[in-house]
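Contents: one structure, followed by commentary.
The values are calculated or read from the model by the stated rules, or taken from the named source; none is laboratory data. What you see is a predicted model, and the numbers here were worked out from it, not measured in a lab. Cβ placement follows ideal geometry from the backbone for every residue including glycine, while neighbour counts extend to all protein chains displayed.
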Amino acid sequence: MKSKVKAFLDLVKERNGHESEFLQAVEEVAETVIPYIVENDIYYGKNILLRMVEPERVIMFRVCWVDDAGEIQVNRGYRIQMNSAIGPYKGGLRFHPTVNLSILKFLAFEQVFKNSLTTLPMGGGKGGSDFDPKGKSDNEIMRFCHAFMGELFRHIGHNTDVPAGDIGVGAREIGFLFGMYKKISNGFTGVLTGKGMSWGGSLIRPEATGYGTVYFAQKMLETKGQDFEGKSVVISGSGNVAQYAAEKVLQLGGKVLTLSDSSGYIYDADGINAEKLAHVMELKNVKRARINAYLDTYPNAKFVKGKTPWEIGCDIAMPCATQNELHENDAEALLKNGCICVAEGANMPSTKEAVAAFHKAKILFAPGKASNAGGVATSGLEMTQNSLRFKWTRDEVDSKLKDIMGDIHKSCIEYGTDDDGYVDYVRGANIAGFVKVADAMLAQGVV
């Protein structure tokens, strides 16, 4: 079996050798899915996984815009349309200086499995730009978004490709992007998700990724007869996902100890309660300040510069910042300090070595493609509401989100349970996501 996996990975590496993040994502899937393919004749010999690692379409384009000083700036824009076997491409747009083809291909590949796991009819895609919104004025961001959509519009549509937000793309950016799409297309359609409440958005969508991650962790804890009540929780990040993960943890009786950004992390031994979290939301969402500004109001907390928070003892860890932020030494520190559960709120935030350490210790570990699928699931619910020209209540959307996360957990249990009862959620998520897409690809023939 190892030779089959190696031969497959060697072929993928030959074609994509310079794309480390993409290769990392493919390797994780291949190691769990190829043995399943070999054991099931319906998939064996059809090169389905090889077809899945090749994007159906890769779009790269120039984005020219004018800054406030009147100087013309040039950025690169991308859209990776990975797989549309079960529905239109669906996945976020990321605006960050680190954006490149490798990162977007890894995200798009992960999105295929994540969207499949939701059971909603959505294919996988991802896009973005190396544009950095930090330090830019609202007018500069508007001009960039309008220029970006001036090219992207021809490649998307409510039945073709429905982008959403991601790192660097929040409600402000979605508004600018949607405004230009509406103007160019001369139509009001649900072609972007994460829209404002007054113009087609869904309740719970801003909260969905963070809430969903906690709901999934809650399901994992229930398999051990436990819950969040009284548990200490370490969270990385301080953006949308981290904020609402923290909010839901507090609602379920947990104690949040940390939040972070690229400059370092804050540790509040007294706990980041609802009042303190509201202050963080104001700092990050309104004032766009760094996380260390938290200490100006709560001086008893500590700020640790240039580090991630995994050295802090906790019961539950939730990496909610970015890819490959949690390394093997971080995993060892968490385990040494008694961590019993890790649920990924970001996309692939744990390195391969860190994941191996969690599996070896047999703690509860949820990969992002399962535990953070709540965001895209609620985007799918937003698409449904747009199509119906209807809006569900907050409780209705939240209930549907809980049900979807519960269904994803059941799928992981079905495909990931070992003979000794330990649940390998990585294997479970990969196989469950693969089966639905693979069945659709087989039914549609070689296309």
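Of all residues in segment 107-152, those satisfying the criterion of being in contact with a Lys or Arg (Cβ under 7 Å, 6 or more places away or on another chain), buried (at least 24 other Cβ atoms within 10 Å of the Cβ) and assigned to a loop (DSSP other than H, G, I, E, B) are Met122, Gly123.
With respect to the conditions (1) in contact with a strand residue (DSSP E or B) (Cβ under 6 Å, 6 or more places away or on another chain); (2) loosely packed, with under 15 Cβ neighbours inside 10 Å, Ile291 lacks only one, and its number is (2). Per the conditions (1) touching a Cys at 6+ places or on another chain (Cβ under 6 Å); (2) modelled with pLDDT under 95; (3) aliphatic (A, V, I, L, M), the sole criterion not satisfied by Val241 is (2). Of all residues in segment 133-157, those satisfying the criterion of being modelled with pLDDT of 95 or more and either on the phi > 0 side of the Ramachandran plot or touching a Ser or Thr at 6+ places or on another chain (Cβ under 9 Å) (or both) are Phe144, Phe148, Phe153, Gly157.
Read through the list (1) closer than 30 Å to Met142 by Cα; (2) at pLDDT below 95; (3) not small (Gly, Ala, Ser), then give the number of the only condition that Met1 fails. Every condition holds for Met1 apart from (1). The set of residues in segment 297-328 being part of a loop (DSSP other than H, G, I, E, B) and under 14 Å from Ile363 (Cβ atoms) consists of Cys314, Asp315. From the list Asn139, Asn47, Asn83, Asn75, the one residue that fits, being within 30 Å of Ser3 (Cβ to Cβ) and either in contact (Cβ under 8 Å) with a residue 60 or more places away in the chain or among the acidic types (Asp, Glu) (or both), is Asn83.
Where in segment 159-278 are there strands (runs of 3 or more DSSP E), lying fully within it, with 1 or more residues that are closer than 27 Å to Lys400 by Cα?
Per the criteria, 161-165, 232-236, 255-261.
Figure legend. Inter-residue proximity from segment 423-447: first residues small (Gly, Ala, Ser), second residues outside any helix (DSSP H, G or I), beta-carbon distance below 6 Å, spacing 6+ or different chains. Indicated pairs: Ala429/Pro367; Ala438/Tyr43; Ala440/Ala85; Ala440/Ile86. If you go through segment 169-189, how many residues are crowded, with 21+ Cβ neighbours inside 10 Å and touching a residue at least 40 places away in the same chain (Cβ under 8 Å)? Selection size over segment 169-189: 3.
For beta carbons closer than 8 Å, sequence separation of 6+ or different chains, a first residue in segment 334-350 that is within 9 Å of Leu364 (Cβ to Cβ) and a second that is buried (at least 24 other Cβ atoms within 10 Å of the Cβ) and of a type in the set (Ser, Thr, Tyr), the qualifying pairs are Val342/Ser350; Ala343/Thr213; Ala343/Ser371.
Listed conditions (1) in contact with a His (Cβ under 8 Å, 6 or more places away or on another chain); (2) part of a loop (DSSP other than H, G, I, E, B) are all met by Phe390, apart from (1). For segment 310-325, does any single residue satisfy the condition of being over 30 Å from Lys224 (Cβ atoms), crowded, with 21+ Cβ neighbours inside 10 Å and in contact (Cβ under 8 Å) with a residue 12 or more places away in the chain? Scanning segment 310-325, I find no residue that is over 30 Å from Lys224 (Cβ atoms), crowded, with 21+ Cβ neighbours inside 10 Å and in contact (Cβ under 8 Å) with a residue 12 or more places away in the chain, so the answer is no. Within segment 1-14, restricting attention to residues that are touching a residue at least 24 places away in the same chain (Cβ under 8 Å) and within 28 Å of the chain's Cα centre (by Cα), the residue that is surrounded by the fewest Cβ atoms within 10 Å (Cβ to Cβ) is Leu11.
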